[in-house]
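The values are calculated or read from the model by the stated rules, or taken from the named source; none is laboratory data. Computed from a predicted structure; not experimentally measured. As a convention, Cβ positions derive from the backbone with ideal geometry for all residues, glycine included, and neighbour counts pool all protein chains shown. Protein only, heavy atoms only, side chains kept; ligands, DNA and RNA dropped before computing areas. Shrake-Rupley method; radii C 1.70, N 1.55, O 1.52, S 1.80 Å.
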Amino acid sequence: PCVEFSKSVYRQSSTHNAKQIGIGNIDYVDANDALPPGCTMTPEGELLHGWLAILLPFVEKASIYDQIRFDLPWDHPSNREALATEIECYQSGWAHRHGQPDASEEGYWLTDYASNVRVIGGTRQRTSSDLTDGAGNTILSGEAFSRRKAWGHPANWRDPARGINRMPDGFGAPWSSGGANFTYADGSARFLSEEIDPEVLKALSTPDGGESLGEEAL
């Protein structure tokens, strides 16, 4: 019963945070007419900051955002205090409750979520008109509990089409969850089974694939 209670609490917390990230993305689009880029970089190709740092003002963390020097790399000493701050909605609480590290060896808080590389990846910013499959049929981000990265890392993305709970650098949730929570472009958060049809998962992973989705995706 205790394990089941922990699962319930974790699932509720993670779903809430996934929705907050989704709403933050919607507010970002309203303000910028585009989704955040996966990362920013210098003209020379040096990675600077990631999408979760860019999203901070839209998840009620503008005070942290204002401390960041976005013209300097995320791990520059000038950015250490801000980027080493815990952002509650970027964690599910699972790691802390189960003895896993909250932060990297360098002291940067880890996140339990990563973006869908096909929508928020690299420096490209997609607009709502790019999501021709529909916002409610397009994954933005999801739980990524293995090989977690710092929330400020400028390359925090994965490909959902590779499967759920299938590989260390893919999307997935802790213990025997049977699936993972995902955030969609319409701001919703939904649990997807790890047994989902691979073709359906691929369709949800692409913003403009033109695939037909059945009830399994809803």
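Kirkwood Rh over alpha-carbon pairs of the chain, then Stokes-Einstein at 4 °C and 1.567 mPa s: what D in µm² s⁻¹, rounded to an integer? Estimated via Stokes-Einstein, D reaches 75 µm²/s. Picking from VAL200, VAL59, VAL119, which is most flexible by a Gaussian network model of the chain using Cα springs under 10 Å? Result: VAL200 has the largest fluctuation of those listed.
Computed about the Cα centre, the dipole magnitude for the chain is approximately 360 debye when only Lys and Arg (+1) and Asp and Glu (-1) carry charge, each at its Cβ. Taking the Cα centre of each part, how many Å lie between region 23-69 and region 70-86? Rounded to whole Å, the Cα centres lie 14 Å apart. Under a GNM of the chain (C-alpha, springs under 10 Å), which listed residue has the highest mean-square fluctuation: ASP208, ASP30, ASP112? In this elastic network of the chain, the residue with the biggest mean-square fluctuation among ASP208, ASP30, ASP112 is ASP30. The reciprocal of the average 1/r between distinct C-alpha atoms defines the Kirkwood hydrodynamic radius, which for region 40-122 equals 13.8 Å.
The residue list VAL9, CYS39, GLY50 was ranked by how far each Cα lies along the charge dipole of region 1-81 toward its positive end, using unit charges on Cβ atoms, and VAL9 comes out on top. Within the listed set GLN20, GLN12, GLN100, the residue fluctuating most in the Gaussian network model of the chain (springs between alpha-carbon atoms under 10 angstrom) is GLN100. Orientation-averaged projection of region 80-182 equals 7.3 nm² [convex hull of Cα atoms, one quarter of hull surface area].
Per-peptide packing, taken as the mean over residues of other Cβ atoms within 10 Å, places 134-142, 35-43 in the sequence 134-142, 35-43 from highest down.
Expressed per residue, the C-alpha convex hull volume of region 125-197 stands at 102 Å³. Looking at region 129-198, the accessible area is 35 square angstrom per residue; that uses a 1.4 Å probe and ignores ligands, DNA and RNA.
The Rg/Rh ratio for region 1-70 is 1.14, where Rg is the radius of gyration of the alpha carbons and Rh is the Kirkwood radius.
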